[in-house]
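**Student:** Would you mind keeping the following structure in view while I ask a few things?
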Amino acid sequence: FGNGARTTKLLRRAFAPLIGTVADNRVTSRLTSRVMKIIKSDAIHVHGERKVTHGDVTLLEGFELNKHAALTKTFCAPFTATIDRATGTMRIDTSAFIPDNLVSAPEGATHFRLKAFGAAIDFEADQFLNAMSESAYLPLGHKRPVKLTLSHTVAPASATPLLLAFGIEFVQIVKNGTQYELDDKKHNAMAIVRVD
């Protein structure tokens, strides 16, 4: 259990820039549960000595940081998530989508932006590198197709697991251009969409 708690803490530190704006208040316990499944998938070591590094880290794929807003129900447009291990490039490409049709926005939101977040996690050394890319704020109710690419580089030629998260964040922008975060962040969605 100690190994699982350390791993969860490392993942929380790696994804800290997202925790305040996206994660629900039970994300730590849900993440710990997923980490314990990874540890139990270690088929090399005996019970009590199993390690995350020998488990199936791809079990993190699909993990939602916000249990109140599933990414695929909030942002319904098709997208591809790719990781190029050699260059360390992590990329999200959306298909052309009309926000009015394929974004499920909360009441009061006027704009949204898409975010991609990547991390290279060294579970043995208890270290990580991370990077983020994000779109500009786009108006909700937009009727013309939008196609976006989000790309960033994390750790070229890394031997550690690489995690790519993708999500959507909502805000209200009033006529004078002032931007307000919504009081209820339960609609912001982010999920780990690719693990390499």
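**Student:** Just a yes or no: is a residue in segment 28-38 on the phi < 0 side of the Ramachandran plot and assigned to a loop (DSSP other than H, G, I, E, B)?
**Tutor:** No, there is no match, as no residue in segment 28-38 is on the phi < 0 side of the Ramachandran plot and assigned to a loop (DSSP other than H, G, I, E, B).
**Student:** Filter segment 12-34 for residues that are open to solvent by less than 10 Å² (accessible area, probe 1.4 Å) and closer than 14 Å to residue 126 by Cβ and give the result.
**Tutor:** Result: 14, single match.
**Student:** For segment 148-165, enumerate the residues that are free of Cβ contacts under 8 Å to residues at least 60 places away in the same chain, within 14 Å of the chain's Cα centre (by Cα) and surrounded by fewer than 16 Cβ atoms within 10 Å (Cβ to Cβ).
**Tutor:** none
**Student:** Now for a different question. Give the residues of segment 39-83 that are part of a loop (DSSP other than H, G, I, E, B) and in contact with a Leu (Cβ under 8 Å, 6 or more places away or on another chain), sorted by residue number.
**Tutor:** 41, 63, 65, 76, 77
**Student:** Just to check your reading of the model, which residue among 123, 79 is under 20 Å from the mean Cα position of the chain (by Cα), at pLDDT below 95 and open to solvent by 20 Å² or more (accessible area, probe 1.4 Å)?
**Tutor:** Only one candidate passes the filter, namely 123.
**Student:** May I ask you to list the residues in segment 89-116 that are within 25 Å of residue 180 (Cβ to Cβ), of a type in the set (D, E, K, R) and outside any loop (DSSP other than H, G, I, E, B)?
**Tutor:** Selection gives 100, 113, 115.
The values are calculated or read from the model by the stated rules, or taken from the named source; none is laboratory data. In this text, all values refer to a predicted model and were calculated from it rather than measured experimentally. Cβ coordinates were reconstructed from backbone atoms using ideal geometry, including for glycine residues, and neighbour counts include every protein chain displayed. Surface accessibility is based on the protein's heavy atoms, side chains included, excluding ligands, DNA and RNA. Shrake-Rupley method; radii C 1.70, N 1.55, O 1.52, S 1.80 Å.
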